[in-house]
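Trainee: To start, I am sharing the structure in question, which I have written as structure tokens.
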Amino acid sequence: FETSEGLYDCAWSEQQPMLCVSACGDGILRLHSLTEGPRTVAALSEHTAEASGASWNLVDKHTLASCSWDCTIKLWNSE
């Protein structure tokens with residue numbers, strides 16, 4: 001997965017096993033699909049500093065959370 005900075009975390013979706021999210025040093029969360037080769041299907045850019053973690057919600061499988069060195073936590077819907 002290409003990024004201009006480091007990759008700090010990644011998490012696989014339980015709902016869609018060929019989908020993962022990566023937390024990148026440029027503050028962007030990227031959703032990657034592996035169904036037809038690796039490709040980025042979405043870039044979520046609300047953090048103003050490095051995105052240091054990402055995790056899928058254990059109950060609502062389409063929701064994920066991210067944290068950043070900008071001292072924020074963001075909630076996202078992958079649908």
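The values are calculated or read from the model by the stated rules, or taken from the named source; none is laboratory data. Remember, it's a predicted structure, so these values are computed and weren't measured experimentally. When we count neighbours, we look across all protein chains shown, and the Cβ atoms used for this are built from the backbone with ideal geometry, even at glycine. Ligands, DNA and RNA are stripped out before the accessible areas are found, and what is left, the full protein with its side chains, is counted by its heavy atoms. Shrake-Rupley method; radii C 1.70, N 1.55, O 1.52, S 1.80 Å.
Let's see how each residue does on (1) open to solvent by less than 70 Å² (accessible area, probe 1.4 Å); (2) in a loop (DSSP other than H, G, I, E, B); (3) in contact with a Pro (Cβ under 7 Å, 6 or more places away or on another chain):
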{"site": "S4", "(1), (2), (3)": "no, yes, no"}
{"site": "A11", "(1), (2), (3)": "yes, no, no"}
{"site": "D26", "(1), (2), (3)": "yes, yes, no"}
{"site": "R30", "(1), (2), (3)": "yes, no, no"}
{"site": "T48", "(1), (2), (3)": "no, yes, no"}
{"site": "A65", "(1), (2), (3)": "yes, no, no"}
{"site": "C71", "(1), (2), (3)": "no, yes, no"}
{"site": "W76", "(1), (2), (3)": "yes, no, no"}
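Trainee: Same structure again: Filter the stretch 32-46 down to the residues that are touching a Ser or Thr at 6+ places or on another chain (Cβ under 7 Å), more than 15 Å from L7 (Cβ to Cβ) and open to solvent by less than 40 Å² (accessible area, probe 1.4 Å) and list them by number.
Mentor: Those that are touching a Ser or Thr at 6+ places or on another chain (Cβ under 7 Å), more than 15 Å from L7 (Cβ to Cβ) and open to solvent by less than 40 Å² (accessible area, probe 1.4 Å): none in the stretch 32-46.
Trainee: Considering only the stretch 41-57, state which residues are touching an Asp or Glu at 6+ places or on another chain (Cβ under 8 Å) and of a type outside the set (G, A, S).
Mentor: The answer is H47, T48, E50, W56.
Trainee: Can you run down the residue pairs with Cβ atoms below 7 Å, 6 or more apart or on separate chains, where the first is in the stretch 9-31 and free of Cβ contacts under 8 Å to residues at least 60 places away in the same chain and on the phi < 0 side of the Ramachandran plot and the partner is buried (at least 17 other Cβ atoms within 10 Å of the Cβ) and of a type in the set (D, E)?
Mentor: G25/E50
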